[in-house]
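S.K.: My questions all concern the structure below.
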Amino acid sequence: MKETRTRFAPSPTGYIHIGNVRSAIYPYLVARQTGGKFILRIEDTDRARFVEGATELIEDTLKWLGLEWDEGPIVGGPNAPYFQSEREDLYLEWAKKLIKTGRAYLDETAPEVIDEYRKADNAKKVPFLYRNHRPASADFSPEETLEKWQKGIPLRFKSDPKNYEWTDEVMGEMKTGPEVCDDIILIKKDGLPTYNFAHIVDDAEMGVTHIARGVEYLSSMPNYLALYEALNLEHPKFLSLPHILAPQGNKKLGKRDGAKSVTEYKSDGVLPEALLNYLACLGWNDGTEKEIYSKEELIKSFSIDRIQNSGARFDEVKIYWYNGQWIRKLVDEEGVEKFYSRTKDFWPEVAENEPDEYKIKVLSIIYDRLKVLADLKTMTDYFFVDPEIKPEMITDNKFLKKLSETELIELLTLTIERLNDVKDWSEENLQKELNDLLEKSGKKPAEYFSLVRISVSFAPFSPALHQTLSVLGREKTLARLNAVRTALTNN
């Protein structure tokens, strides 16, 4: 059997959208599942849209997600170079094949003239097809065309309109008529190929067996099939991936719809495992209720025939749900000490000089509340610096506002006096002491525990109280309770 060879061929024109990444995930899974090769190719022939540093961003994103490539930039391979801008001579050789068989012609028609053709056709209410406006050079012999061709003169494909039928592995059986076939540009004025021509040459040279790309390319398929035929090439299998839709489900997802770049999600503290999991399942499932997949499980379970042929709605809330699940999964499986290494860039500034051992303790009791690692910045300040005392957080609390200041001070005094004598500051013992204090206070759990929790943290929420006190330590806990009692007394 022929080796499976898939590719991801992005253009370095800016940030990496999550839709771009999904177009890398599926071919990666196909290659890994079959023991084939996954190729990274940079399609950088559109120099006007080229963005400095975008190639490195593509490489870093794939590495971060764990989508390692077998051939391509950095790693090399038998089909190098893997940048289209460095393969110009190859495209010219393939273009000459088309010239020699009479399937390509020189076209120096000015853009403004082409615009006039388009306007005239629109006025006649007929579709604009360039093949209806071929210049005289379209009738040059192959020898004359080769003789006259030089850089600066675009080269067009001479189409032979006909019906086309093909199978799309996702969309099913497809067919079109001759009215959609046209004379597309092969080589631009700058001597570089168009995407329409270059990707076909590169896929042939690199032995690509499966092409996964957005469904928006379906309209160009007749022209691609015509090129395969003209070059006497067997075409690969096509996987047209439906759009990722905006949250409302009414259009293709765009930057204005709230979708961030992969880099932004990474900076927020979304884990690569979670984003990979989410994107793989955005338009695919294995027919079960399972939602959490490791990369290895995706490779094992993935199948092309389970890719849905309709758009999938983007849901950022779901990304954060996946991330929370993966944070808990990794801590539970690897241990908090190992997971801590992933969090080092996400702690608040006030924690900068705190020992790792202390931060690991904090992480161990708060990790199951994190949606993204960046939450550490806002959820853990009070573990490292005494919080500002805000009496109104106590007096306005729905559980505490019925209590008088005298009652609040008495409860704090009861707590301080009892905890002052506690020698065993472990979670287990603190839980026992707090339960005893609750019973002595005569208050409801929500009342008593809310008072102590707010007094030591002044945070909207915090981990279980006995865990919070254990990590804060005896000295900090008592100091904060005393400070709040003083503030209420002097209020």
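The values are calculated or read from the model by the stated rules, or taken from the named source; none is laboratory data. Quick caveat: nothing in here was measured; it's all calculated off a predicted structure. Because the Cβ atoms are built from the backbone with ideal geometry, glycine has one as well, and the counts that use them run over all protein chains shown.
S.K.: For region 127-145, how many residues meet the condition of being under 22 Å from Tyr224 (Cα atoms) and exposed (fewer than 15 other Cβ atoms within 10 Å of the Cβ)?
M.R.: Total satisfying the criteria: 2.
S.K.: Can you find, within region 131-170, the residue that is farthest from Val113 (Cα to Cα) among those that are of a type in the set (S, T, N, Q) and modelled with pLDDT of 95 or more?
M.R.: Thr167
S.K.: Return the residue satisfying two criteria in turn: it lies in region 1-55 and is among the basic types (Lys, Arg) and assigned to a strand (DSSP E or B), and of such residues it is surrounded by the most Cβ atoms within 10 Å (Cβ to Cβ).
M.R.: Arg7
S.K.: Name the residue, out of Thr406, Thr395, Thr415, that is of a type in the set (Ser, Thr, Tyr), surrounded by 14 or more Cβ atoms within 10 Å (Cβ to Cβ) and free of Cβ contacts under 8 Å to residues at least 24 places away in the same chain.
M.R.: When all the criteria are applied, what remains is Thr395.
S.K.: A further question follows. Say whether the condition of being in contact with a Ser or Thr (Cβ under 9 Å, 6 or more places away or on another chain) and exposed (fewer than 13 other Cβ atoms within 10 Å of the Cβ) is met by at least one residue in region 111-121.
M.R.: no
S.K.: Hey, which of the helices (runs of 4 or more DSSP H) in region 278-380, taking only ones fully inside, have at least 3 residues that are more than 20 Å from the chain's Cα centre (by Cα)?
M.R.: Output list reads 316-334, 336-340, 356-366, 375-379.
S.K.: Every residue in region 71-94 that is assigned to a helix (DSSP H, G or I) and either within 26 Å of Thr6 (Cβ to Cβ) or at pLDDT below 95 (or both), please.
M.R.: Of everything in region 71-94, those that are assigned to a helix (DSSP H, G or I) and either within 26 Å of Thr6 (Cβ to Cβ) or at pLDDT below 95 (or both) turn out to be Gln84, Ser85, Glu86, Glu88, Asp89, Leu90, Tyr91, Glu93, Trp94.
S.K.: Also, I was wondering about something else. Residues Gly102, Gly66: which one is out of contact with any Ser or Thr (no Cβ under 7 Å at 6 or more places or on another chain) and within 21 Å of Arg5 (Cα to Cα)?
M.R.: Step by step, each of Gly102, Gly66 is checked, and only Gly66 is out of contact with any Ser or Thr (no Cβ under 7 Å at 6 or more places or on another chain) and within 21 Å of Arg5 (Cα to Cα).
Here's the yes/no breakdown for (1) touching a Gly at 6+ places or on another chain (Cβ under 7 Å); (2) in contact (Cβ under 8 Å) with a residue 24 or more places away in the chain; (3) surrounded by fewer than 18 Cβ atoms within 10 Å (Cβ to Cβ):
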| site | (1), (2), (3) |
| --- | --- |
| Glu334 | no, no, yes |
| Glu337 | no, no, yes |
| Phe346 | yes, yes, no |
| Leu363 | no, yes, no |
| Arg369 | no, yes, yes |
| Val372 | yes, yes, no |
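S.K.: Residue check, Lys401 against (1) part of a loop (DSSP other than H, G, I, E, B); (2) loosely packed, with under 14 Cβ neighbours inside 10 Å; (3) under 44 Å from the mean Cα position of the chain (by Cα), all met but one. Which one?
M.R.: With respect to (1) part of a loop (DSSP other than H, G, I, E, B); (2) loosely packed, with under 14 Cβ neighbours inside 10 Å; (3) under 44 Å from the mean Cα position of the chain (by Cα), Lys401 is out only on (3).
S.K.: I need the full set of residues from region 463-480 which are touching a Lys or Arg at 6+ places or on another chain (Cβ under 6 Å) and more than 10 Å from Phe383 (Cα to Cα), in order please.
M.R.: Of everything in region 463-480, just one residue is touching a Lys or Arg at 6+ places or on another chain (Cβ under 6 Å) and more than 10 Å from Phe383 (Cα to Cα), namely Leu465.
S.K.: If I filter region 146-168 down to residues being charged (D, E, K, R) and surrounded by 15 or more Cβ atoms within 10 Å (Cβ to Cβ), which single residue comes out as nearest to Leu106 (Cα to Cα)?
M.R.: Filtering first and then ranking leaves Arg156.
S.K.: Any idea which of Leu186, Leu192 is crowded, with 18+ Cβ neighbours inside 10 Å, in contact with a helix residue (DSSP H, G or I) (Cβ under 7 Å, 6 or more places away or on another chain) and at pLDDT below 95?
M.R.: Leu192
S.K.: Hey, Glu173 hits all of (1) in contact with a helix residue (DSSP H, G or I) (Cβ under 7 Å, 6 or more places away or on another chain); (2) more than 16 Å from Glu229 (Cα to Cα); (3) at pLDDT 95 or above; (4) not basic (Lys, Arg) but one; which does it fall short on?
M.R.: So Glu173 meets the others, but not (1).
S.K.: Can you tell me which residue is farthest from Gly77 (Cα to Cα) among those in region 14-64 that are of a type in the set (Val, Ile, Thr) and touching a residue at least 60 places away in the same chain (Cβ under 8 Å)?
M.R.: Taking the candidates together, the pick is Ile18.
S.K.: Filter region 247-261 down to the residues that are touching a residue at least 40 places away in the same chain (Cβ under 8 Å) and part of a helix (DSSP H, G or I), then identify the one that is farthest from His17 (Cα to Cα).
M.R.: Asp257
S.K.: Scan region 234-246 residue by residue and report those that are out of contact with any Leu (no Cβ under 8 Å at 6 or more places or on another chain) and in contact (Cβ under 8 Å) with a residue 24 or more places away in the chain.
M.R.: Passing the criteria: Pro236, Lys237, Phe238, Leu239, Leu241, Pro242.
S.K.: Being crowded, with 16+ Cβ neighbours inside 10 Å and outside any helix (DSSP H, G or I) is the filter here, so list the residues in region 432-463 that pass it.
M.R.: Within region 432-463, Lys443, Phe458, Ala459, Ser462, Pro463 meet the criteria.
S.K.: Further, regarding this structure: Based on what the data block shows, is Glu264 in a helix (DSSP H, G or I), at pLDDT 95 or above and surrounded by fewer than 17 Cβ atoms within 10 Å (Cβ to Cβ)?
M.R.: No: the conditions fail for Glu264.
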